[in-house]
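These notes concern the structure reproduced below.
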Ligand code: FES
Ligand code: FES
């Protein structure tokens, strides 16, 4: 007697990522993290815990900071996504990226894209955050390397550079 295993059907899913339209074929419950890394080649999206705890996989989806390891690709249909690759212009780092470089906010770099996207989200709503507000906004992003002082300083420095203060 033969047995047949039924693979779930792949669906065509389209979204905008960093201003470009992307269409992928994926099982509906595949993680957005994996699809972005493996099908769209956006390997700046990092996997840390894979369980929604560390924030390394953070992206912006429809203006909301989300952990892409927890998002089934189905939910990304028609979404507007920003990853770390969308921040720099062609010949210039984003002010946050430059500040992380200048202030030592990145060491191994696994947490850095998620940290920068969380900070980007914060500064888009609050261009001059206090230290407490920076700490609160980045509280979902864990770093094993820098001890947070340089990360918070990087965000504060980016805010100073952006607002000319
Ligand atoms: S890898 Fe997604 S929250 Fe840690
Ligand atoms: S720089 Fe290594 S985890 Fe943050």
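The values are calculated or read from the model by the stated rules, or taken from the named source; none is laboratory data. Values in this document were obtained by computation on a predicted structure and should not be read as measured data. Neighbour counts are summed over all protein chains in view; Cβ atoms, including those assigned to glycine, are modelled from backbone coordinates with ideal geometry.
Side notes on the structure shown:
- Residue within region 120-129 that is assigned by TED's automatic domain parsing to the domain that holds residue 150 and within 16 Å of ligand 1 (Cβ to nearest atom) present: yes
- Residues of region 21-57 that turn out to be on the phi > 0 side of the Ramachandran plot and touching a helix residue (DSSP H, G or I) at 6+ places or on another chain (Cβ under 7 Å), as a count: 3
- Note on region 41-69: among residues that are more than 7 Å from ligand 1 (Cβ to nearest atom) and outside any loop (DSSP other than H, G, I, E, B), the one that is nearest to residue 115 (Cα to Cα) is 58.
- Number of the condition not met by residue 72 [criteria: (1) free of Cβ contacts under 8 Å to residues at least 40 places away in the same chain; (2) within 16 Å of ligand 1 (Cβ to nearest atom); (3) in contact with a helix residue (DSSP H, G or I) (Cβ under 8 Å, 6 or more places away or on another chain)]: (1)
- Some residue of region 118-131 being out of contact with any helix residue (DSSP H, G or I) (no Cβ under 6 Å at 6 or more places or on another chain), under 30 Å from residue 12 (Cβ atoms) and loosely packed, with under 13 Cβ neighbours inside 10 Å: no
- With respect to being out of contact with any helix residue (DSSP H, G or I) (no Cβ under 8 Å at 6 or more places or on another chain), surrounded by fewer than 17 Cβ atoms within 10 Å (Cβ to Cβ) and assigned to a loop (DSSP other than H, G, I, E, B), residue 139 fits the description.
- The residues in region 75-91 that are in contact with a helix residue (DSSP H, G or I) (Cβ under 8 Å, 6 or more places away or on another chain) and either away from ligand 2 (no atom under 16 Å from the Cβ) or part of a loop (DSSP other than H, G, I, E, B) (or both) can be counted, and the count is 7.
- Across region 32-48, the number of residues qualifying as over 11 Å from the mean Cα position of the chain (by Cα), under 25 Å from residue 145 (Cβ atoms) and without any contact (Cβ under 8 Å) to a residue 60 or more places away in the chain comes to 2.
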